[in-house]
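This report refers to the structure that appears directly beneath it.
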Amino acid sequence: MANPQQRKKEQKKMQKEGRLPPGQSLTKKFPVLHYGSVPEVDLSEWVFRIWGEVEEERRWTWEEFNALPTREVKMDVHCVTRWSKFDTVWKGVSVKGLVEEGIVKPLPSANFVTQHAAGGYTTNLPLDIIMQDNFLLATHLDGEPITPDHGYPLRGVVGHMPEREDMKTVYFWKGAKWLRGLEFRTEDKKGFWEEAGYHNEGDVWKEQRRA
């Protein structure tokens, strides 16, 4: 169990460094929050799909997906329920990297991306954010495969990179657990929590929690 005094000391340090957004508190744990139950996954049937406003629809089996180029990114993640976890290290596939490699080719009409997850869950982001270095299709956290309650085998992850103030940071729910596909869209379409009243943009520094 983390020492409360040590946690407070670290929180003040993050505040001083400008890394703790307003209304947030540092946590040493990794709270589990999601709607519905944890889905069972059969990797032999698992398929990840990219479609919509792209030149060519792409599909990968789990084996094929794991053969794609990967990146490792260190980020602070901030949950809309007011906890923040710092210096988390994620490994996975970068959408920006897929585009740079010519593996995925968005059409000029693509402006938004809907993340589709197990159980019909969705969340939405502008393509500009999906293409940032702080958005990842993650398979690993801190050197280990993501656990089922955190989105195994694949989840979207979006966070804050302190050395990259040029990138917009949104709340953690904007990366979907149990991710199964990305739909590139011309127009925006609100996802599950956005339809339920959460802010459509979710900027952590502006405290855009509710619409």
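Rule-based calculations on the coordinates, nothing more; no lab input. Please read all numbers here as calculations on a predicted model, not as lab measurements. Note that we place each Cβ from the backbone using ideal geometry, even for glycine, and neighbour counts take in every protein chain shown.
Listed residues Phe65, Phe112, Phe48; which is among the aromatic types (Phe, Trp, Tyr), surrounded by 15 or more Cβ atoms within 10 Å (Cβ to Cβ) and over 22 Å from Glu144 (Cβ atoms)?
The match here is Phe112.
Within the stretch 25-106, which strands (runs of 3 or more DSSP E) (wholly inside it) include 1 or more residues that are of a type in the set (A, V, I, L, M, F, W, C), more than 14 Å from the chain's Cα centre (by Cα) and farther than 16 Å from Phe172 by Cα?
Output list reads 47-52, 58-61.
Considering only residues that are hydrophobic (A, V, I, L, M, F, W, C), closer than 18 Å to Arg71 by Cα and buried (at least 19 other Cβ atoms within 10 Å of the Cβ), which ones fall in the stretch 82-98?
Trp90, Val93, Val95, Leu98, listed by residue number.
Need pairs with beta-carbon distance below 8 Å; first residue farther than 14 Å from Glu57 by Cα and within the stretch 105-116, second in a loop (DSSP other than H, G, I, E, B) and of a type in the set (Lys, Arg); sequence gap 6+ or separate chains.
Phe112/Lys189; Thr114/Lys189
What's the number of the condition Glu72 fails, among (1) charged (D, E, K, R); (2) over 24 Å from Ala118 (Cα atoms); (3) surrounded by 16 or more Cβ atoms within 10 Å (Cβ to Cβ)?
Unmet condition: (3).
Quick one: which of Arg180, Arg155, Arg164 is of a type in the set (Lys, Arg) and loosely packed, with under 15 Cβ neighbours inside 10 Å?
Arg164
From the list Glu101, Glu56, which one is in contact (Cβ under 8 Å) with a residue 40 or more places away in the chain and exposed (fewer than 12 other Cβ atoms within 10 Å of the Cβ)?
From the options Glu101, Glu56, the qualifying one is Glu56.
Could you look through the stretch 90-117, keep only residues that are polar (S, T, N, Q) and touching a strand residue (DSSP E or B) at 6+ places or on another chain (Cβ under 6 Å), and pick out the one that is nearest to Leu179 (Cα to Cα)?
My answer is Gln115.
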